1. Would you pick out the residues in region 164-185 that are small (G, A, S), under 16 Å from the mean Cα position of the chain (by Cα) and part of a loop (DSSP other than H, G, I, E, B)?
2. Can you work out which of the residues in region 145-163 that are open to solvent by 50 Å² or more (accessible area, probe 1.4 Å) and outside any helix (DSSP H, G or I) is modelled with the lowest pLDDT?
3. Filter region 7-29 down to the residues that are open to solvent by 10 Å² or more (accessible area, probe 1.4 Å) and among the charged types (D, E, K, R), then identify the one that is farthest from K106 (Cα to Cα).
4. Could you list, in sequence order, all residues of region 152-203 that are among the basic types (K, R) and closer than 19 Å to G102 by Cβ?
5. Of A68, A32, which residue is among the small types (G, A, S), surrounded by fewer than 21 Cβ atoms within 10 Å (Cβ to Cβ) and modelled with pLDDT under 95?
6. Among the residues in region 93-101, are any within 10 Å of the chain's Cα centre (by Cα) and at pLDDT below 75?
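The values are calculated or read from the model by the stated rules, or taken from the named source; none is laboratory data. Computed from a predicted structure; not experimentally measured. Positions of Cβ are backbone-derived with ideal geometry, glycine not excepted, and every protein chain shown enters the neighbour counts. Accessible surface areas use protein heavy atoms only, side chains included; no ligands, DNA or RNA. Shrake-Rupley method; radii C 1.70, N 1.55, O 1.52, S 1.80 Å.
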Amino acid sequence: MNLRVVVADDQALVRGGFSMILRAQPDIDVVAEAGTGLQAIEAAHEHRPDVILMDIRMPELDGLEATARILTDADWPVRVLILTTFDPDEYVYQALRSGASGFVLKDIPPAELAVAVRTVAAGGALIAPSITRRLISRFAARPGVNTAVAGRLERLTDRERDIVIAVARGATNTEIAQELYVGPATVKSHVSSILTKLGLRDRAQIVVFAYESALVEPGNFDIGH
């Protein structure tokens, strides 16, 4: 079945442009558009999309709060991909805490937009390694470790902790496999186990977990450290 997508942006021209690009794809259906955060929530509940392209700054309710509400209430596997014209640093932490699966800038090449939608629909996280590095550095001054989150580290094996660290710094399954001298299928299996053990939705939430638990420290991105 085709991927079902909702496009939420307060600018009609931008919204229409993204919708047109996605509708040209044979495996993607744009089932609704929304111009406000509240409309995005309504569209999500009515159409139950696989992916929502969500702008951050919208009237009535911003995209970050709309994302949190949608993902809290959803009883189906929906992913949110944040749209922004701004450097993501200011918003990435809050968006990931809200449950978003990644970011795309509004000047993304048309050919890459569909790839981004497919990536998050498949459970991937669309967060470039450069963003994850800046993310961890930016929030290095967080007010202490979340002890409840850190306690969940005990559920993981040493190898799974290594993989969490690698995911947090933006490594792909192939890159992790090369560093750990295992096959990509083995890494994929470990990632699935990590998600299950920690009760997480996708790789983006692994990134949040990694630094909230202090498993990853600013400036240290080496596997096994």
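1. Scanning region 164-185 gives G170, A171.
2. So the residue we want is V145.
3. Filtering region 7-29 for residues that are open to solvent by 10 Å² or more (accessible area, probe 1.4 Å) and among the charged types (D, E, K, R), the one farthest from K106 (Cα to Cα) comes out as D27.
4. Scanning region 152-203 gives R169, K188, R201, R203.
5. When all the criteria are applied, what remains is A68.
6. Scanning region 93-101, I find no residue that is within 10 Å of the chain's Cα centre (by Cα) and at pLDDT below 75, so the answer is no.
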